[in-house]
Amino acid sequence: MSGILERLDAGEIVIGDGGFVFALEKRGYVKAGPWTPEAAAEHPEAVRQLHREFLRAGANVMQTFTFYASDDKLENRGNKLTFTGAQINEAACDLAREVANEGDALVAGGVSQTPSYLSCKSETDVKAIFKKQLDVFIKKNVDFLIAEYFEHVEEAVWAVEVLKETGKPVAASLCIGPEGDMHGVSPGECAVRLVKAGAQIVGINCHFDPMTCVKAVKMMKEGVEKAGLKAHYMVQPLAYHTPDCSCQGFIDLPEFPFGLEPRILTRWDMHHYAREAYNAGIRFIGGCCGFEPYHIRAVAEELATERGVLPAASEKHGSWGAGLEMHTKPWVRARARRDYWENLKPASGRPQCPSMSAPDGWGVTKGHADLMQQTEATSQDQLKKLFDRSKTH
């Protein structure tokens, strides 16, 4: 089986999977707040099934469900688990490999930003955290590595420097938008630093909607090319519309995380996203929070001609609504055409709601006292101060 770089070097389109944390939270297997992936060990059948659905939808990459699986995050703010970080990471690797072997998929081991970095721990301390996860990925022989969901390029560079020591291909994905990282470093400069650190694939994931993420990756590509460097590009955005978001992305929205459903992209929006990403020269195209298997199927269907194959899940989905030809109601049969769905402007059904929100924008990032993390549970006094402060924003 060809590896990730062989596929990308050959110009193939690699389709990623979707947002496991949000998908499994909705299914009752992940706790919103800590967002940690202990379900890999606690409820392997749930994680396995979601992998399988993304594979059937067309994904070529099974990312290990190891988002926020560093020891410092697993123990943050009173989070009490019955499994160790090593056990969670090992279980996640086994599940991803089991399902990847059912198709033509690769396994990617992933590390994410850490509470230790936000709390201003040293480069040595932060790298040691990544190394503990990496030891499991090497033991389980994942196919390649991803440093994803980093708000600060400095920490992402540290992650890449650790991951590249394995000799395995390394991808690096920041959760930033066109305004740059949380310290104001532009997307182009971020990409240059990541490539120089050893990442062969760079891009954007999470925090913003697909078109915003594609725009940011274009800026990365321009920066890398201007610097005379080479890289492949990836994008794994939100499945939520975020036109009103500022630098911090969707976590600043007042609807985050429990009221985001009205913002979900349709499968037809995903066709547009996939085409825009492809036209921008991005060849690793997937999804993050909010992405369900049907979203990934839409990406795979849009790019079926270029890939030369439809996903297995298309057996149950007529192209551009063609399955509606079989509907009993004539007015629904009349919707069995591309121009209907391509031009539809979906209503929310919420006449008292605005189309956009006012993001919170507290403006705190690494080094600010409010972002210092702790192993103890958040106290009632700490919460009261936050509640009081939120009334002034």
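The values are calculated or read from the model by the stated rules, or taken from the named source; none is laboratory data. None of the values given here were measured: they were computed from a predicted structure. Here Cβ is always computed from backbone atoms with ideal geometry, including for glycine, and neighbour counts include all displayed protein chains. Heads up: the accessible areas ignore ligands, DNA and RNA and are worked out on the full protein's heavy atoms, side chains in. Shrake-Rupley method; radii C 1.70, N 1.55, O 1.52, S 1.80 Å.
Straight-line reach from LYS221: which aspartates and glutamates have a Cα under 13 Å away, not including same-chain ones fewer than 8 places off?
GLU189
I'd like to know which of ASN89, LEU24, VAL185 lies farthest towards the positive end of the charge dipole of segment 4-320, counting +1 on Cβ of Lys and Arg and -1 on Cβ of Asp and Glu.
Projecting each Cα onto the dipole axis, the largest value belongs to ASN89.
Which option, (i) 19.8; (ii) 27.2; (iii) 22.9, is the value of mean projected area of the Cα convex hull in nm² that was calculated from these coordinates?
After the calculation, the listed value that fits is (i).
Need one number: % antiparallel among DSSP beta bridges in segment 4-320, to the nearest 5. Before the final figure, lay out the partial values.
Numbers: 2 of 27 bridges.
Roughly 5 percent of the DSSP beta bridges within segment 4-320 come out antiparallel.
What ³J(HN,Hα) values, in whole Hz, does the Karplus curve 6.51 cos²θ - 1.76 cosθ + 1.60 give for segment 62-69 when θ = phi - 60°, with x put for Gly and Pro?
Once rounded to whole Hz, the list reads 9, 6, 4, 7, 10, 4, 6, 9.
What number comes out for accessible area per residue over segment 256-362 if the probe is 1.4 Å? Units Å², please. Can you show the working numbers first?
Numbers: 6110 Å² over 107 residues.
Value returned for segment 256-362: 57 Å² of accessible area per residue.
Give the value in nm², to one decimal: projected area of the alpha carbon convex hull of segment 86-219, averaged over all directions. Could you put the intermediate results ahead of the total?
Numbers: hull surface 33.1 nm².
Approximately 8.3 nm², given one-decimal rounding.
Could you count how many Lys pairs in segment 1-145 have their Cα atoms under 23 Å apart, skipping same-chain pairs fewer than 8 positions apart?
Pairs that pass both the separation and distance tests number 20.
Report the local net charge at CYS206: Lys and Arg +1, Asp and Glu -1, summed over other residues whose C-beta lies under 10 Å from its C-beta. Could the numbers behind the result be given before it?
Details: positive: none; negative: GLU148, GLU151.
Local net charge: -2.
Starting from the residue with the highest accessible area, list ILE4, ILE129 in decreasing order, probe 1.4 Å.
Values: ILE4 5, ILE129 30 Å².
Descending accessible area places them as ILE129, ILE4.
Ignoring everything except DSSP H segments at least 4 long, calculate the 222 nm mean residue ellipticity for the chain; use -39,500 (n - 2.57) per segment, divide by total residues, nearest 500.
Calculated from helices alone, the mean residue ellipticity at 222 nm is -11500 deg cm²/dmol.
Taking the Cα centre of the chain as origin, work out the dipole magnitude from +1 charges on Lys and Arg Cβ and -1 charges on Asp and Glu Cβ, in debye rounded to 20. Spell out each step's value before the answer.
Working: 45 positive and 52 negative charges, 140 e Å.
Using Cβ point charges on Lys, Arg, Asp and Glu, the chain gives about 680 debye.
So how exposed is THR64, as accessible area in Å² (1.4 Å probe, rounded to 10)?
About 10 Å², rounded to the nearest 10.
Taking 0.36 nm per residue of separation and subtracting the Cα-Cα distance, what length does fully extending HIS327 through SER2 add? All intermediate terms of the calculation are to be shown ahead of the outcome.
Values: separation 325, 0.36 × 325 = 117.00 nm, distance 4.21 nm.
Additional length available on full extension: 112.8 nm.
Would you list, by chain and number, the lysines whose Cα falls below 21 Å from the Cα of LYS226, excluding same-chain residues fewer than 8 positions away?
Those lysines meeting the cut-off are LYS196, LYS215, LYS218.
Just to verify a number: what accessible area does GLU25 come out at with the full protein assembly present, 1.4 Å probe, Å² rounded to tens?
Rounded to the nearest 10, the figure is 50 Å².
Go through HIS232, HIS43 and list them by solvent-accessible area, largest first, probe radius 1.4 Å.
Numbers: HIS232 45, HIS43 65 Å².
The ranking, largest first, comes out as HIS43, HIS232.
Of ALA304, SER122, VAL153, which is farthest along the charge dipole of segment 4-320 in the positive direction, counting Lys and Arg as +1 and Asp and Glu as -1 at C-beta?
ALA304
For LYS218, LYS31, what's the largest-to-smallest order of accessible area, 1.4 Å probe? If you can, show how the numbers build up before the last one.
Numbers: LYS218 90, LYS31 135 Å².
Reading off the accessible areas and sorting them downward yields LYS31, LYS218.
Please state the shape class of segment 252-364: rounded when a/c is under 1.5, otherwise prolate if a/b exceeds b/c and oblate if not, all from the C-alpha gyration tensor.
Working: a/c = 2.44, a/b = 1.32, b/c = 1.86.
Oblate, since a/c reaches 1.5 and b/c is not below a/b.
As I understand it, the dipole of the chain uses +1 on the Cβ of Lys and Arg and -1 on the Cβ of Asp and Glu, about the Cα centre. Which of VAL217, PRO351, THR328 lies farthest toward its positive end?
Checked the options; the winner is THR328.
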